[in-house]
Amino acid sequence: MTPTAFQAPLAVSIRDPMVCAGCGELVCDRFFLLAAGRVWHGACLRCSLCHCELQTHASLYWRDGNIYCQQDYCRIFGGGQCARCFQPIPPSALVMRSGDLTFHPQCFSCQECDVKLLPGNLYCMQGRPSALVCLPSCWTGQVKKKKKKIRQELSALSKHCWE
């Protein structure tokens, strides 16, 4: 089986004929697997690299349209390091991602108020790439501080110019 690019549907309807993403045949079995947004026969859900069956594995990994067993995923992609604390991230650890940056879940928090950011929370990157700031509360506060500082600098400059 060669690696296949998957496009995950938003939902799977059991009323429509279900086609296995691995072999392309109809899934008529009483039990089937749902992984990466697709339907699979148990024996067809396999790692894209080593082709081991994944139906009995506790977890699988999906990246760039390919499905991997934990061993192959960790070997290929590794864990890297956290963009905030710069400590290593074990390959099998849960992570939070923002663009190309990877964070420990506990490090994925606002730099100003330290509130943990969860999927769906609004935030922005500020300054160095790993500086996360929650929206709108902390970002608005920072903008106000910057405006105040600019006004103070302009005021001091104008006093200096007129003296």
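Every number in this text was worked out from the coordinates using simple rules, so none of it is lab data. Since we're looking at a predicted model, the values are computed, not measured. Here the Cβ positions follow ideal geometry from the backbone for every residue, glycine too, while neighbour counts run over all protein chains shown.
Before moving on, here are some points about what is shown:
- Sorted by Cβ density within 10 Å, fewest first, the residues ILE76, ILE67, ILE89: ILE76, ILE89, ILE67
- Close amide-amide hydrogen proximity is noted between VAL115 and CYS110, each under 5 Å apart and 5 or more residues distant or on a separate chain (H modeled in the peptide plane; Pro and chain starts excluded).
- Amide H contacts of MET18 (H built 1.01 Å from N, under 5 Å, at least 5 apart or other chain): VAL27
- Ordered by the count of other Cβ atoms within 10 Å of each Cβ, fewest first, LEU135, LEU54, LEU94 give LEU94, LEU135, LEU54.
- Kirkwood hydrodynamic radius over Cα pairs of the range 78-138, then Stokes diffusion coefficient at 37 °C and 0.692 mPa s, in µm²/s: 281 µm²/s
- Relative contact order %, the range 78-138, counting alpha carbon pairs below 8 Å whose residues are six or more apart: 25 percent
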